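Please read the structure below before turning to the comments.
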Amino acid sequence: MSAALLTALALASASDHRTGVATDIEAQGTHYRVQTEHGPVHLFRPAGYDRRSAGIVVYVHGLYTRVDQAWREHQLAAQFAASGANALFIVPEAPEAADEPPAWTDLESLIATALARAHLRRPPGPVVAAGHSGAYRTLAEWLGDPALRTLILVDALYGKEDEFRAWLDADPAHKMTLVVKGTARWADPFVRGYRRAITLPRIPDSFDELSRAQRTAKLLCLRSQYEHMELITEGKTLPLVLRRTALGRVPVSTPQP
C-alpha cells in the first residue's frame, strides 16, 4: 500500500472517529462500522458501486457469534465483493443465543439508521435479505416490509414456515432461495408443498451451471454438500446465491480479505 494511501486512510479514520463512524478499505471496497442503539452495524460498498442502479442487501449472522466476530471470521466483505452485486451491504447485530430477541425488528428502521450513521444515500434498487442459521427469527420479523423482494435462507429454515410461505405467495415478485443441510426437517415439507419449487441435489460450483429456469425460479432449493458452518465460512455459497437476485452487477476482480 502506498504512503499516500496510508496517509489518506489515517486522515479518514481520524475524521470518522469524531463522528462515530469507522471506515477502512477492505476487499477493494469501502467498509463502514457504525454504532447504533441496537449494537454495531457493518456496511460495505464494493468497488465499482453505482448508486443510481444499486440495491441493498441485508445479511444476518447466525447464533453463537456477534456481528464483529462474524464480519471478521467469515470474511464477509470478500464474500460480498465476490458476488459482483451492485449493492450496499448492511450487516446488523443479531441474537447470539436462542433465547435472545432479535435486535432489529423493523427492516426500514435498520436501513435508514445504518445509512444515516454512515452518511450514505439510499440506492433506489431492490432490497434483498439473507441470513444463516438462526437468522430466520430476525428475517421473519421483516416479512411485512413492502420493499423486501428476495429472501435467501442459508440453512436457516428452522421454523416459521407458515409466515415464510405466506410472504412467498403474497406477491409475484417475491423470490426465495433455500440452502438445506441441517434444516431438512423443516425445509423438505416446505418445498414439497410448493409446486413451483425447483430442487437441486447440490450447490453448483458456478452460477453459470444454473439453467434459466433455475435462475428465475420463485423458490429454488439447493441441497448442500457443505456442512452447516462451511456454508458461510468457506465463502463459496453466499456469493453464488446472491447472483440469483434482481441486483445489477459491478466489475468483479479478485478481492483480498
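Tabulated data
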| quantity | calculated |
| --- | --- |
| Residues being more than 20 Å from Ala85 (Cβ to Cβ) and surrounded by 24 or more Cβ atoms within 10 Å (Cβ to Cβ) - total across the range 135-150 | 2 |
| Within the range 84-114, considering residues that are touching a residue at least 60 places away in the same chain (Cβ under 8 Å) and assigned to a helix (DSSP H, G or I), the one farthest from the chain's Cα centre (by Cα) | Thr113 |
| Tally, over the range 178-192, of residues that are surrounded by fewer than 23 Cβ atoms within 10 Å (Cβ to Cβ), under 16 Å from Val241 (Cβ atoms) and out of contact with any Cys (no Cβ under 7 Å at 6 or more places or on another chain) | 2 |
| Those residues of the range 34-70 which are among the basic types (Lys, Arg) and closer than 24 Å to Ala147 by Cα, in sequence order | Arg45, Arg51, Arg52 |
| Enumeration of residues in the range 185-223 that are in a helix (DSSP H, G or I) and of a type in the set (Gly, Ala, Ser) | Ala187, Ala213 |
| Positions within the range 124-141 being outside any helix (DSSP H, G or I), out of contact with any Asp or Glu (no Cβ under 8 Å at 6 or more places or on another chain) and within 25 Å of Ala70 (Cα to Cα), in sequence order | Pro126, Val128, Ala129, Ala130, Gly131 |
| Cβ pairs under 8 Å, 6+ apart, first in the range 224-237 and over 13 Å from Gly182 (Cβ atoms) and assigned to a loop (DSSP other than H, G, I, E, B), second of a type outside the set (A, V, I, L, M, F, W, C) and at pLDDT below 95 | none |
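This table checks each residue for (1) at pLDDT 95 or above; (2) more than 17 Å from Val241 (Cα to Cα); (3) of a type outside the set (D, E, K, R).
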{"residue": "Arg72", "(1), (2), (3)": "yes, yes, no"}
{"residue": "Phe80", "(1), (2), (3)": "yes, no, yes"}
{"residue": "Ala87", "(1), (2), (3)": "yes, no, yes"}
{"residue": "Leu115", "(1), (2), (3)": "yes, yes, yes"}
{"residue": "His119", "(1), (2), (3)": "yes, yes, yes"}
{"residue": "Arg122", "(1), (2), (3)": "yes, yes, no"}
{"residue": "Thr138", "(1), (2), (3)": "yes, yes, yes"}
{"residue": "Leu143", "(1), (2), (3)": "yes, yes, yes"}
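The values are calculated or read from the model by the stated rules, or taken from the named source; none is laboratory data. Because the structure is a prediction, the values reported are computed rather than measured. For neighbour counting, all protein chains shown are included, and Cβ atoms are generated from backbone atoms with ideal geometry for every residue, glycine included.
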